Structure formats: C-alpha cells, structure tokens
1. Cβ-Cβ below 8 Å, separation at least six or inter-chain, first residue in the range 88-101 and polar (S, T, N, Q), second assigned to a strand (DSSP E or B): which pairs?
2. Pick out the one residue from GLU160, GLU119, GLU124, GLU86 that is out of contact with any His (no Cβ under 6 Å at 6 or more places or on another chain), farther than 26 Å from GLU47 by Cα and modelled with pLDDT of 90 or more.
3. For the range 126-147, how many residues meet the condition of being in contact with an Asp or Glu (Cβ under 7 Å, 6 or more places away or on another chain) and in a helix (DSSP H, G or I)?
4. Suppose we filter the range 111-131 for residues that are in contact with a helix residue (DSSP H, G or I) (Cβ under 6 Å, 6 or more places away or on another chain) and either without any contact (Cβ under 8 Å) to a residue 40 or more places away in the chain or over 17 Å from GLY92 (Cβ atoms) (or both); how many remain?
5. In the range 164-184, what residues are loosely packed, with under 12 Cβ neighbours inside 10 Å, of a type in the set (Gly, Ala, Ser) and over 18 Å from ASP134 (Cα atoms)?
6. When you go through ASN136, ASN41 one by one, which is the residue that is modelled with pLDDT under 95 and polar (S, T, N, Q)?
7. Would you check if there is a residue in the range 45-64 being modelled with pLDDT of 60 or more, in contact with a strand residue (DSSP E or B) (Cβ under 6 Å, 6 or more places away or on another chain) and acidic (Asp, Glu)?
8. State whether one or more residues within the range 41-57 are surrounded by fewer than 19 Cβ atoms within 10 Å (Cβ to Cβ), farther than 18 Å from PRO110 by Cα and not hydrophobic (A, V, I, L, M, F, W, C).
Amino acid sequence: MKIAKIIKSNSHIDYVAQIIDELDAANPPSFEDYGFAQFVNLPMEREEIVGVIYNSMLVNPDYASFGPRLSPKPELGSFSPDYLNEQGFLVGILLLGVKDETGKIVHGVPRRVVPAGQEVFKIEADEVKKFHTDENDCLQIHYYSQIVAHAGLFAVPLLEAIIAQLTLDCSESDKQRLGVLKQTLAWQRTMGGMRL
C-alpha cells in the first residue's frame with residue numbers, strides 16, 4: 001500500500017515523506033499505516049530500499065495566523081480548493097538496508113540516493129520477517145548501530161518497538177536473543193535517565 005512520497009532528506013539515510021491524503025488518492029492510508037516503527041520500502045529500478053518510520057511532524061500553516069478572515073472556514077474551500085490540503089502529516093524515515101533484484105538482503109547504509117517524489121509503501125508483517133531473516137533462517141538486526149547513531153532520542157523506543165514486532169513471529173532461540181537485547185535497552189534507558 002502506497003502511503004507517502006519523499007519530499008526532502010536530512011542526511012543520506014534520514015528522509016522526510018509527506019503522507020498521502022484524500023486529495024491524492026481515493027483510499028488514503030489510515031493512521032495505523034504510518035505509525036511509529038512501521039517498516040516501509042522504496043522501490044527503485046533494481047532494488048528496494050527498506051526503512052522504518054521513526055518520527056512524525058504535523059504541518060499546520062494556520063498556526064499563528066490570528067488575523068481576521070474574510071470568509072468563514074467552510075466557504076474557503078470553494079474560493080481556494082487547495083486550502084484544505086495545506087495541513088498534513090510528515091514522517092521521518094530512517095533507511096535500514098536494501099533488498100536487491102535477486103532477493104538478497106543487506107542491512108546497512110544504502111549506496112543509492114533517494115530522489116524527491118519517490119513513492120513510499122507500507123511493508124506487511126511477512127515481508128518484515130523476510131527482511132530480518134538471513135539465509136540460515138536466523139534473525140538479524142545489523143542496522144542496530146544506524147538507529148542508535150541517527151534516531152536521536154527515539155533510538156531506544158524505536159528499537160524496543162522493532163523488537164516487539166519481531167518477537168511475534170520468531171523461533172524460541174531468537175526470542176531469547178531479542179529478550180537479552182530488550183533488557184540491555186531497558187538498562188541503557190534507566191542509566192541514561194540517571195545522568196546529571
């Protein structure tokens with residue numbers, strides 16, 4: 001399901017996308033489709049770049065426009081049809097890796113630059129599992145350091161949300177490994193909160 005379009009980047013792996021609304025599509029995505037820790041893909045010619053939503057921003061040009069209006073809000077739609085589209089949602093997408101045309105998955109920084117206007121699609125749970133499974137059917141999260149380095153204050157909550165998603169459908173040994181990682185994150189959060 002298409003949920004957004006890339007509008008800008010903050011860095012090589014940190015992109016901002018605008019969520020599609022009812023003026024862009026007959027069936028726009030719901031709030032659940034672009035929530036925190038939702039995995040997404042950006043299909044290119046020879047590969048798919050995989051990312052995760054880690055931030056959201058509200059665009060509201062009406063904020064701080066306290067001046068008088070010439071018309072009530074409902075009538076503004078007929079005078080200026082694009083007025084209704086000025087408010088919207090932006091999401092921050094952190095790129096995590098690539099799935100090439102042969103199906104090989106590599107976690108890490110993609111080499112490719114994502115162009116403005118690139119469509120962003122929601123990834124379903126089965127594709128999320130494939131992205132996190134190596135050729136030996138073992139769980140992998142090799143993008144861990146990317147999240148820690150680039151997601152800022154959202155790094156620990158994002159990793160915890162990813163772990164929660166992956167725990168739903170994995171082997172018992174992978175659940176134990178994820179449990180250790182979750183405990184480590186909880187410890188880091190606790191100790192980070194104690195700093196002066």
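The values are calculated or read from the model by the stated rules, or taken from the named source; none is laboratory data. Given the structure is predicted, the values throughout are model-derived calculations rather than measurements. Virtual Cβ from ideal backbone geometry, glycine too; neighbours counted across all protein chains shown.
1. Close Cβ pairs satisfying both conditions: none exist.
2. Within the list GLU160, GLU119, GLU124, GLU86, the selection yields GLU160.
3. Residues flagged as in contact with an Asp or Glu (Cβ under 7 Å, 6 or more places away or on another chain) and in a helix (DSSP H, G or I) within the range 126-147 amount to 1.
4. Final tally of qualifying residues: 0.
5. none
6. Only one candidate passes the filter, namely ASN136.
7. Checked against the condition, which is being modelled with pLDDT of 60 or more, in contact with a strand residue (DSSP E or B) (Cβ under 6 Å, 6 or more places away or on another chain) and acidic (Asp, Glu), the range 45-64 yields at least one hit.
8. Scanning the range 41-57 turns up at least one residue that is surrounded by fewer than 19 Cβ atoms within 10 Å (Cβ to Cβ), farther than 18 Å from PRO110 by Cα and not hydrophobic (A, V, I, L, M, F, W, C).
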